[in-house]
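To start, the structure under review is shown below, and the notes come after it.
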Amino acid sequence: MADTKDIDGKVELKVKGVTIHIWPDILEDLELLEDLIALDEGNNRASISALKRVLGDEYELVKDTLRDERGMVKTKDVGAFFFAVLDKVKAKNS
């Protein structure tokens, strides 16, 4: 799928079957970097902040899409999705 930008300048990405729209320069966000450093230091709370920062208004959509048959959104699934998004953004900006 070719990159398309919406009227806000966000890029459409399809990750693990979910179509999302994010800022193409999101990896340049200082506060995202702070969240990722906090995560690396073991602060798991920073994962929610980082996820919301990257996904914006589509945070709930992603949670609903990743919800299993019991209604649970497993952290391992969210983590895999989040890092797949970051990898895709890195690849597009290389």
#### Entry: Long-range neighbours under 6 Å by Cβ, at least six apart or interchain, first residue in contact (Cβ under 8 Å) with a residue 60 or more places away in the chain and under 13 Å from residue 52 (Cβ atoms) within the stretch 26-42, second in a helix (DSSP H, G or I) and among the hydrophobic types (A, V, I, L, M, F, W, C)
26/54
### Message
Looking at the stretch 50-65, can you tell me whether even one residue there is without any contact (Cβ under 8 Å) to a residue 24 or more places away in the chain, in contact with an Asp or Glu (Cβ under 9 Å, 6 or more places away or on another chain) and not aromatic (Phe, Trp, Tyr)?
### Response
no
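Can you confirm whether residue 9 is at positive phi, exposed (fewer than 12 other Cβ atoms within 10 Å of the Cβ) and either at pLDDT 90 or above or under 15 Å from the mean Cα position of the chain (by Cα) (or both)?
Numbers: at positive phi: yes; exposed (fewer than 12 other Cβ atoms within 10 Å of the Cβ): yes; either at pLDDT 90 or above or under 15 Å from the mean Cα position of the chain (by Cα) (or both): no.
Judged against the criteria, residue 9 is not a match.
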### Task
Take the stretch 15-26 and flag every residue that is touching a strand residue (DSSP E or B) at 6+ places or on another chain (Cβ under 8 Å) and more than 17 Å from residue 67 (Cβ to Cβ).
21, 22, 23, 24
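The values are calculated or read from the model by the stated rules, or taken from the named source; none is laboratory data. All of these numbers come straight from a predicted model, not from anything done at the bench. Quick reminder, even Gly has a Cβ in these numbers, built from the backbone with ideal geometry, and neighbours come from all protein chains shown.
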